[in-house]
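Here is the structure we will look at, set down as structure tokens.
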């Protein structure tokens, strides 16, 4: 099997400080990769480099296009990259308001990506939007409400629907459960797990919450000070951490 | 002759504006930035249109100025006087006589010719502005032809009102490339934009000029199942009886009486001169005859 995403020697510096350095990994179709680490460890920098929001200083991000060829998304032209990010890629922000249009109705938010790739039939767009709201457990009666009238958990679910509507193959998630209370988190995780399995999505999830990666991720990457210190299967890394920092991280989780 | 340079602006400024106009004509629908000058009138009163007119006028031109279709409203009268004083050009209220027509919010009913120029006053040139506040982002969207957002606005209209409720400043796509704000003309006028005359758009506060060469393709955006419709009040003009012109609704009294009249005053007057009479005008002249007899 060929990887969907091949990351080679990605480094990003902020002046003389390290954002992330020499990151290498492959992501295979249908695989979910978790990136954990404390605040400031370079998780988000890495994710933004991969998703094309930041320009990495060195390295390549090779993505398997629909024709099967691997293309470097760092050097690809901006129109191509933006096209990718509204079709094959999705980005779920930590704060739903960064990823949503707050003054546009829920249906419009979900429909935006469809219209961006050329959908011009109102009835079909709306039908698709209602279908997707249903899949993220938002009632059809809320389709014309604005996200400002939604709760935090609903906003986050709406953001997920808006991202998945074009059937992306790769989803980037930056702390998707941050700022939500635990019961809402649990439902969201359940939903995400279902969607990832059902659609065969590949995903890269950045989080500091080990419970999230335990539930969702197949593989885990632990970062500290911009370096990857440990990688492996999720259960393996969490149950038998090798690096001192990973041991600290795992033991810091409160056991209830 | 007055002490002003011809048409108020100095020659260097006019040259700068003409360059922007030429660039605009070369890239139809593209917003060309220009160094808009302070004009002796407040922003929102047509500073952009006036600068474009000033750069376009020659001493031989005949100028017509309309505001919402009318020649006799404050804005139209003052701008006409302004150019009478600073350029000394001939002015007219007849569409056919004019070589340059400056307009606010309307296109004249009468078809324009190849030797005429229509200058629009534009308040907000960016059609994406209300959806995307960042100018950097909207420029990028124009350059990459990312216009999905424009349809989000129309989607919202249908979701909220059951139909595309945008009735003026209705977005258009030019020659399959740039999405453009046609200035706040009623959408009834949109189909007229594929015309023989040159169309120039000036936004003074926003410092943008854009233009359409003659016979440019102008397509109003819509959905397959909600096609564009050039709407007007379903009525005939009460003064001249025209059924194909854009109408203003005038409230007559507190009893709910109203009349519909052509918003294009020159069109209405010339039709009445040719003997056409609308319902209320006919009733009034009959009443007049009765009192005389």
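The values are calculated or read from the model by the stated rules, or taken from the named source; none is laboratory data. Bear in mind the structure is a predicted one, so any value in this text is a computation, not a measurement. Note that we place each Cβ from the backbone using ideal geometry, even for glycine, and neighbour counts take in every protein chain shown.
Output the residues belonging to region A:239-249 that are part of a helix (DSSP H, G or I) and at pLDDT 90 or above.
Here is the first cut: in region A:239-249, the residues part of a helix (DSSP H, G or I) are A:239, A:244-249.
Across region A:239-249, the qualifying residues are A:239, A:244, A:245, A:246, A:247, A:248.
Which ranges mark the strands (runs of 3 or more DSSP E) fully within region B:212-264 that have 2 or more residues being at pLDDT 95 or above and within 14 Å of chain A (Cβ to nearest Cβ)? Before the answer, list the steps.
Numbers: elements: B:218-220, B:247-251, B:258-262.
Counting at least 2 such residues, we get B:218-220.
For (1) more than 13 Å from every other protein chain (Cβ to nearest Cβ); (2) under 24 Å from residue A:47 (Cβ atoms); (3) in contact with a helix residue (DSSP H, G or I) (Cβ under 9 Å, 6 or more places away or on another chain); (4) part of a helix (DSSP H, G or I), each residue gets a yes or a no:
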site	(1), (2), (3), (4)
A:91	yes, yes, yes, no
A:103	no, no, yes, no
A:109	no, yes, yes, yes
A:125	no, no, yes, yes
A:128	no, no, yes, yes
A:137	yes, no, yes, no
A:153	yes, yes, yes, yes
A:162	no, yes, yes, yes
A:176	yes, yes, yes, no
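Return yes or no: is residue A:185 buried (at least 18 other Cβ atoms within 10 Å of the Cβ), farther than 25 Å from residue A:66 by Cα, more than 14 Å from chain B (Cβ to nearest Cβ) and touching a residue at least 60 places away in the same chain (Cβ under 8 Å)?
Details: buried (at least 18 other Cβ atoms within 10 Å of the Cβ): yes; farther than 25 Å from residue A:66 by Cα: yes; more than 14 Å from chain B (Cβ to nearest Cβ): yes; touching a residue at least 60 places away in the same chain (Cβ under 8 Å): no.
Here the answer is no, as residue A:185 does not meet what is asked.
Given the residues B:58, B:73, which is the only one that is surrounded by fewer than 19 Cβ atoms within 10 Å (Cβ to Cβ) and at pLDDT 95 or above?
Numbers: B:73 fails: at pLDDT 95 or above.
Checking each option against the conditions leaves just B:58.
Looking at (1) surrounded by fewer than 17 Cβ atoms within 10 Å (Cβ to Cβ); (2) under 17 Å from the mean Cα position of the chain (by Cα); (3) within 14 Å of chain B (Cβ to nearest Cβ), find the lone condition where residue A:85 falls short.
Single failed check for residue A:85: (1).
Could you identify the single residue in B:110, B:175 that is out of contact with any helix residue (DSSP H, G or I) (no Cβ under 7 Å at 6 or more places or on another chain) and either more than 14 Å from chain A (Cβ to nearest Cβ) or more than 30 Å from residue A:85 (Cβ to Cβ) (or both)?
Numbers: B:110 fails: out of contact with any helix residue (DSSP H, G or I) (no Cβ under 7 Å at 6 or more places or on another chain).
Exactly one of B:110, B:175 is out of contact with any helix residue (DSSP H, G or I) (no Cβ under 7 Å at 6 or more places or on another chain) and either more than 14 Å from chain A (Cβ to nearest Cβ) or more than 30 Å from residue A:85 (Cβ to Cβ) (or both), namely B:175.
May I ask you to list pairs of residues, at least six apart or on different chains, whose Cβ atoms are under 8 Å apart, with the first in region B:264-276 being under 12 Å from residue B:241 (Cα atoms) and the second being assigned to a helix (DSSP H, G or I)?
Close Cβ pairs satisfying both conditions: B:267/B:95; B:272/B:281.
I'm trying to understand the selection: among the residues of region A:111-123, which are facing chain B (nearest Cβ under 7 Å) and closer than 13 Å to residue B:152 by Cα?
Step one: filter region A:111-123 for residues facing chain B (nearest Cβ under 7 Å), giving A:111-112, A:115-116, A:120-123.
Across region A:111-123, the qualifying residues are A:111, A:112, A:115, A:116, A:120, A:121, A:122.
If you check residue B:53 against the conditions, is it surrounded by fewer than 20 Cβ atoms within 10 Å (Cβ to Cβ), touching a residue at least 12 places away in the same chain (Cβ under 8 Å) and not in a loop (DSSP other than H, G, I, E, B)?
So residue B:53 does not fit the description; no.
Tell me, yes or no, whether region A:194-211 has at least one residue that is within 15 Å of the chain's Cα centre (by Cα), part of a loop (DSSP other than H, G, I, E, B) and closer than 29 Å to residue A:115 by Cβ.
Yes, region A:194-211 contains a residue that is within 15 Å of the chain's Cα centre (by Cα), part of a loop (DSSP other than H, G, I, E, B) and closer than 29 Å to residue A:115 by Cβ.
If we scan region B:149-167, do we find a residue that is within 12 Å of chain A (Cβ to nearest Cβ), in contact with a strand residue (DSSP E or B) (Cβ under 9 Å, 6 or more places away or on another chain) and surrounded by fewer than 16 Cβ atoms within 10 Å (Cβ to Cβ)? Outline the logic, then answer.
Here is the first cut: in region B:149-167, the ones within 12 Å of chain A (Cβ to nearest Cβ) are B:149-164.
With the extra rule that they be in contact with a strand residue (DSSP E or B) (Cβ under 9 Å, 6 or more places away or on another chain), the set shrinks to B:150.
If we keep only those that are surrounded by fewer than 16 Cβ atoms within 10 Å (Cβ to Cβ) too, we end up with none.
Checked against the condition, which is being within 12 Å of chain A (Cβ to nearest Cβ), in contact with a strand residue (DSSP E or B) (Cβ under 9 Å, 6 or more places away or on another chain) and surrounded by fewer than 16 Cβ atoms within 10 Å (Cβ to Cβ), region B:149-167 yields no hits at all.
State whether the residues of region B:31-52 include one that is at positive phi and under 19 Å from the mean Cα position of the chain (by Cα).
Of the residues in region B:31-52, the ones at positive phi are B:44, B:46.
Imposing the further condition that a residue be under 19 Å from the mean Cα position of the chain (by Cα) reduces the set to B:44, B:46.
Yes: one or more hits.
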